[in-house]
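Right, one structure below, let's go through it.
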Amino acid sequence: MCGTRQLGKYRLTRRTLAALAVPFALAACVQVQPYLAKKLPSATEPVRVLLMPPDVAAIELATAGVPLPRADWTALAQDGLVEAVADTLKKHGAELIRYRRAAGIVPYAEEHLEAIALHEAVLQTILTYRYAPPQQRAALPTRQEGLAWTLGESVAPLRTDYAADYALFLIYRQATSTVERALFAAVSFVLFGFMQPTSQSVGIASLIDLDTGAVVWTNLLQGQSLDVNRPDSIRDRGERLLSGLPL
Amino acid sequence: MSASPCLLVLLGLGAAVLTGCGNPLMVKPGEHDEIGNAYRVDPQIEWSRQQDRKLQIWTVDGPLLEQLRLYAGIEDGDTLLPTPGRSISRQAWEQRPKYHKGMRAHDVVELVAATLAQSGAIDVGAERLRPAEFGGRAGFRFDLRFESDIGVRYRGLATGMITQDGRLHLILYMGAQPHYFDAYEAIIRRILSSVILL
């Protein structure tokens, strides 16, 4: 059952982010769209932020548009994002706590799966009603503004096991074109005035209050991809994803 | 491998599908809302509502988290799934579980479970079928539980009745077991008690 849950999670996330990315394929710059549920109370002690295992995937797009998973780029992006989290939390005076990955394919402990799965459903809902492109966005009159979603008591095991105040979830997808595909896109544009999608990155971050389960902040980052061989540019992308973190 | 489109419909991920039913409207407490020409209920709280042919879908936080389905006048050959947003093959249509005149309460339990299972829900359980009033008439009630393809556990509550001419009225509530089912359960029970047959 654990395997089913986890595989389902990644499948849905990929589909969601892919659907979101398409309309922004030609976006020339990086855009972020933060939502904040409410201003957080100022803490007297450094808040403890539990970083959940970042869900990262990097692919290479060949001329035919076939996506090729790149484990090396994925590892680079993952490391860059974690460094960005560490830097950002340090700037906020917050303490970073790393989630202890479980052995095997599923990185989560059994007792945390309920919260992980519900987070996926809530995130899917937020993407549908807040972040979908306007022409595709569904209306939800009962939740027209802000963030009013929660994971409820499902977060209790995370709170207990890590004594953390917040949990930070990161999802990041990066598609980078081969040189040949980039040239093909440029030629298509010159000859036919049609720009083929080339490189892009999409990420979403969410901060969960582990006392109440409330989703307190989310941010969506979309834009052109970057030089995957430059870790500093991945860190920069991670810092943009975390911009406006309400700590 | 992609998730079944039916599951997206049934569990509400189908923003596109629901959009196909028209823009959602707000249902407000105190306004007894007519479901088809069959019955009315008091919504108790504000809901976002989508209308399909013989079905209304109400939700507060989003159908993937909780949803109330109000069916009215389901007839022989009707399915419990919403009208698909795009055309489906004849084979796909024929494979959808359907209501048939002459079905009894325990058949409806199996119909709901089969509909959920065919839609991609995992470990579907429908249990505790018992008599219950529906708008002052003899009806039935049962409980549901299942898991979605992303691993969220759901609980459900269903109540309904079969009319003398063999049509089915059914109210089905499903909510994610962590938080969402519990958050609205008391309200749902009040809604079920407020049914007035027309």
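None of the figures in this text is laboratory data; all of them are computed from the coordinates on show. Bear in mind that the values here come from a model prediction, so they are computed numbers and not experimental data. When we count neighbours, we look across all protein chains shown, and the Cβ atoms used for this are built from the backbone with ideal geometry, even at glycine.
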By the C-alpha gyration tensor axes a ≥ b ≥ c (rounded if a/c is under 1.5, else prolate when a/b exceeds b/c, else oblate), the shape of segment B:5-197 is rounded
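Kindly rank A:147-160, B:157-170, A:127-140 from highest to lowest mean number of other beta carbons found within 10 Å of each residue. Let's see the in-between values first.
Details: A:147-160: 20.9, B:157-170: 19.2, A:127-140: 16.2.
Peptide ranking by packing, descending: A:147-160, B:157-170, A:127-140.
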Tensor-based shape of segment B:51-93 (alpha-carbon gyration tensor, a/c under 1.5 rounded, otherwise prolate or oblate): oblate
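Across peptide A:123-130, what mean number of C-beta atoms from other chains lies inside 10 Å of a residue's C-beta? Intermediate results must be reported in sequence, preceding the final value.
Values: counts 0, 9, 9, 1, 1, 9, 4, 0.
Neighbouring Cβ atoms belonging to other protein chains average 4 per residue here.
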Shielding score for A:137-147, defined as the mean number of other chain Cβ atoms within 10 Å: 6
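If a/c stays under 1.5 just call it rounded; otherwise compare a/b with b/c (prolate if a/b is bigger, oblate if not). Do that for segment B:89-198, with a ≥ b ≥ c from the square roots of the Cα gyration tensor eigenvalues.
Values: a/c = 2.13, a/b = 1.07, b/c = 1.98.
Verdict is oblate for segment B:89-198.
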Just name one of B:ILE150, B:TRP93, B:GLN67: the one whose Cα is farthest towards the positive end of the charge dipole of segment B:5-197 (beta-carbon charges, Lys/Arg +1, Asp/Glu -1). B:TRP93
In order over segment B:154-167: 3J(HN,Hα) from phi, Karplus 6.51/-1.76/1.60, θ = phi - 60°, whole Hz, x for each Gly or Pro, gives 10, 10, x, 9, 10, 9, x, 8, 10, 6, 4, 8, x, 8
Shielding score for B:170-179, defined as the mean number of other chain Cβ atoms within 10 Å: 4
Under the Karplus relation with 6.51, -1.76 and 1.60 and θ = phi - 60°, whole-Hz ³J(HN,Hα) for segment A:214-219, x at Gly and Pro, equal 5, 7, 9, 7, 9, 9
